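J.: Before I ask anything, let me first share the structure, which is written out below as structure tokens.
The values are calculated or read from the model by the stated rules, or taken from the named source; none is laboratory data. Quick caveat: nothing in here was measured; it's all calculated off a predicted structure. Don't worry about glycine lacking a Cβ; one is built from the backbone with ideal geometry, like all the others, and counts go over all protein chains shown.
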Amino acid sequence: MLPLTAHLSGTTGWARQSQNGLKFETICRSCNSHLGIQYDPTVIGFAATVTRCVNALIALPRSVQVAVKVQRLMKGVVGHLLAAEVDYRSTFFSEWASNYVLDPAAKLPKAINIFFWLHDGPESLAVTDLIKYSLRHGSEHVLHALKFPPLGFLITSDRMYDGLPSLSRHRAAHPDDEVVVRVPLRARRPADWPEAPSDADGTISLFGGGAANAIRATILTADAA
């Protein structure tokens, strides 16, 4: 596994990976235990349900409805991004993310929005401080992303981003409130989205300290291994 900048440029770099998935240090041992026990089952369950829906359907509908404890899902996603900041701490992200994840009663801050999409491809990614600049609109967006087959999650202060469905619209939900989330199945993004620059949407990628130390891994199949 290479730092994000090395991966995109084709140069060599150091590795922080074992085969078959992302593995990284975390905030602390007790925090890791809290994260795993409280939130991981929800993240895993949501991904597994989406996987079953995609694999079971011959002709994909436009979307499926999935019930999930959405506050736990969001805390799990934010927690894993926080845990991935091994060599670099994004001051703004770390501050609000730590408070949100480690306080069971905390709601998602009003200035933060979380979106998701169906992620194709074998690669997983955990990245903070990815800056996307739109040449068409002259706008700048600071993104934090976690993706692993079959889902990707995007965190930003933007109220909307690239037409993605929102989880943060349920920011006021109680940790045990189960809500029905609509998961679009036909609207896909390239496998290297959002980290790679794109001629299609006229964006370039700029890398802050967190993005330069992003963790990337490839899920190997039995045949590939």
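J.: Among (1) buried (at least 18 other Cβ atoms within 10 Å of the Cβ); (2) farther than 20 Å from residue 69 by Cβ, there is one condition residue 138 misses while meeting the rest; what is its number?
T.: Here residue 138 meets the rest and fails (1).
J.: Just to be sure before I move on: is residue 191 assigned to a strand (DSSP E or B), within 15 Å of the chain's Cα centre (by Cα) and on the phi < 0 side of the Ramachandran plot in the structure I sent?
T.: no
J.: Something else about it: Out of 106, 145, 97, 83, report the one residue that is assigned to a loop (DSSP other than H, G, I, E, B) and either among the charged types (D, E, K, R) or over 19 Å from residue 48 (Cα atoms) (or both).
T.: Only one candidate qualifies: 106.
J.: Identify the residue in the stretch 130-150 that is modelled with pLDDT of 85 or more and among the charged types (D, E, K, R) and, among all such residues, is farthest from residue 190 (Cα to Cα).
T.: 140
J.: Oh, and also: Scan the stretch 57-79 and tell me whether some residue there is part of a helix (DSSP H, G or I), over 14 Å from residue 171 (Cα atoms), at pLDDT below 95 and not basic (Lys, Arg).
T.: yes
J.: Another question, if that's okay. Could you identify the single residue in 179, 101, 183 that is under 25 Å from residue 72 (Cβ atoms) and in contact with a Gly (Cβ under 7 Å, 6 or more places away or on another chain)?
T.: One residue alone meets the criteria, 101.
J.: Find the residue count for the stretch 32-68, including only residues that are of a type outside the set (A, V, I, L, M), buried (at least 22 other Cβ atoms within 10 Å of the Cβ) and either over 14 Å from residue 151 (Cβ atoms) or over 16 Å from the mean Cα position of the chain (by Cα) (or both).
T.: Counting residues in the stretch 32-68 that are of a type outside the set (A, V, I, L, M), buried (at least 22 other Cβ atoms within 10 Å of the Cβ) and either over 14 Å from residue 151 (Cβ atoms) or over 16 Å from the mean Cα position of the chain (by Cα) (or both) gives 1.
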